[in-house]
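Asks: Could you have a look at this structure, given as structure tokens, before my questions?
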Amino acid sequence: MSRVFITGSSDGLGLMAARLLVADGHSVTLHARDQARADDTRAALPQADGVVIGDLSHLAGMRQVAEQANASGRFDAIIHNAGIGYREVRRVETQDGLAGVFAVNVLAPYLLTCLIERPDRLVYLSSGMHRGGDPDLDDPQWTRRRWNGPQAYSDSKLFDVVLAFAVARLWPDVLSNALTPGWVPTKMGGPGAPDDMSLAPVTQAWLAVSTDPAAMVSGGYFYHKQPAETNPAARDVPVQDELLSYCAGLAGLKLPG
Ligand SMILES: NC(=O)c1ccc[n+]([C@@H]2O[C@H](COP(=O)([O-])OP(=O)(O)OC[C@H]3O[C@@H](n4cnc5c(N)ncnc54)[C@H](OP(=O)(O)O)[C@@H]3O)[C@@H](O)[C@H]2O)c1
């Protein structure tokens, strides 16, 4: 039995993965943005161990999440699943002055990786759209460019793979992988999404706990439990170092060695 923490598990793929893990006898801690969503989450999966509360769109909320997660004890696996989507019609600025898509999708997994006690496995939710992402960090907060929601999302999901691969390289004692769940009709995916909903939460749960040798690797990117093609920038060490250093500057915290 593993202890697993899943961010953004009040709904969608995070909650679905939690259900799979609980059904297999694992101990799962959920996460919701505020007390009201935590109440919904607890009601949706009463068998979960608990619900950590915090808004991942700002640094103070990210720190609250890390503090509560650490107070509950060390996790065997953490799934960085929380995300916001590609249909943001305008740049939403967070209270830290960042673009919301970057804050929730990139800075939050970075800061939580830094702050939560190191688990055995880390899993980062990316997307097939990461392949169209641009690793350039010239204007990651979209303050100079005209807003393009799908591009901002694709960039953020590329950065998730970059982060997963950087952690795999720098923390050889941890299995760190990324995946795409496919395009499925969650709140984010929208009603017209074509992929198989029943398969979508499986890979993140599998990477978190399975003893299948295919899951016990590091620095992989998966689709439906199979290795899949990544944007080549994700394996580029200078790109990885630049992202880590940029996030460290925003968060005021370097990834521990
Ligand atoms: N669905 C797809 O087709 C698809 C495709 C590729 C990749 N993905 C990735 O899969 C992951 C899960 O997506 P999903 O489809 O399950 O999306 P979803 O149904 O919209 O669920 C997203 C989860 O993240 C939480 N969340 C969002 N912003 C938050 C914030 N500021 N603070 C705390 N929690 C926050 C949401 O909370 P609330 O319930 O309170 O909003 C919800 O629990 C994402 O990383 C996404 O990029 C999804």
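Residues checked against (1) part of a loop (DSSP other than H, G, I, E, B); (2) more than 15 Å from the ligand (Cβ to nearest atom); (3) open to solvent by 20 Å² or more (accessible area, probe 1.4 Å):
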{"residue": "109", "(1), (2), (3)": "no, no, no"}
{"residue": "119", "(1), (2), (3)": "yes, yes, no"}
{"residue": "137", "(1), (2), (3)": "yes, yes, yes"}
{"residue": "146", "(1), (2), (3)": "yes, yes, yes"}
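Asks: Filter region 30-52 for residues that are closer than 20 Å to residue 125 by Cβ and either of a type in the set (A, V, I, L, M) or more than 15 Å from the chain's Cα centre (by Cα) (or both) and give the result.
Replies: Once the filter is applied, which keeps residues that are closer than 20 Å to residue 125 by Cβ and either of a type in the set (A, V, I, L, M) or more than 15 Å from the chain's Cα centre (by Cα) (or both), region 30-52 yields 30, 32, 37, 41, 44, 45, 48, 51, 52.
Asks: If we keep just the residues of region 88-106 that are part of a helix (DSSP H, G or I) and out of contact with any Leu (no Cβ under 6 Å at 6 or more places or on another chain), which is nearest to residue 169 (Cα to Cα)?
Replies: 106
Asks: Quick check on residue 234: is it at negative phi, aliphatic (A, V, I, L, M) and under 19 Å from the mean Cα position of the chain (by Cα)?
Replies: Spelling it out, residue 234 is indeed at negative phi, aliphatic (A, V, I, L, M) and under 19 Å from the mean Cα position of the chain (by Cα).
Asks: So, in region 13-24, exactly how many residues are more than 13 Å from the ligand (Cβ to nearest atom) and open to solvent by less than 40 Å² (accessible area, probe 1.4 Å)?
Replies: Qualifying residue count for the region: 2.
Asks: I've got another one for you. Among the candidates 257, 219, 182, single out the residue that is in contact (Cβ under 8 Å) with a residue 12 or more places away in the chain, touching a Lys or Arg at 6+ places or on another chain (Cβ under 8 Å) and either open to solvent by 10 Å² or more (accessible area, probe 1.4 Å) or assigned to a loop (DSSP other than H, G, I, E, B) (or both).
Replies: 219
Asks: What's the number of the condition residue 80 fails, among (1) within 13 Å of the ligand (Cβ to nearest atom); (2) out of contact with any Pro (no Cβ under 7 Å at 6 or more places or on another chain)?
Replies: Single failed check for residue 80: (2).
Asks: Collect the residues in region 67-87 that are open to solvent by 60 Å² or more (accessible area, probe 1.4 Å) and either closer than 18 Å to residue 147 by Cβ or assigned to a loop (DSSP other than H, G, I, E, B) (or both), keeping them in residue-number order.
Replies: Hits for region 67-87 are 74, 87.
The values are calculated or read from the model by the stated rules, or taken from the named source; none is laboratory data. Being a predicted model, the structure only gives us computed values, none of them experimental. Positions of Cβ are generated from backbone atoms using ideal geometry, with glycine treated the same way; all protein chains shown enter the neighbour counts. Please note that ligands, DNA and RNA were not included when accessible areas were found on the heavy atoms of the full protein model with its side chains. Shrake-Rupley method; radii C 1.70, N 1.55, O 1.52, S 1.80 Å.
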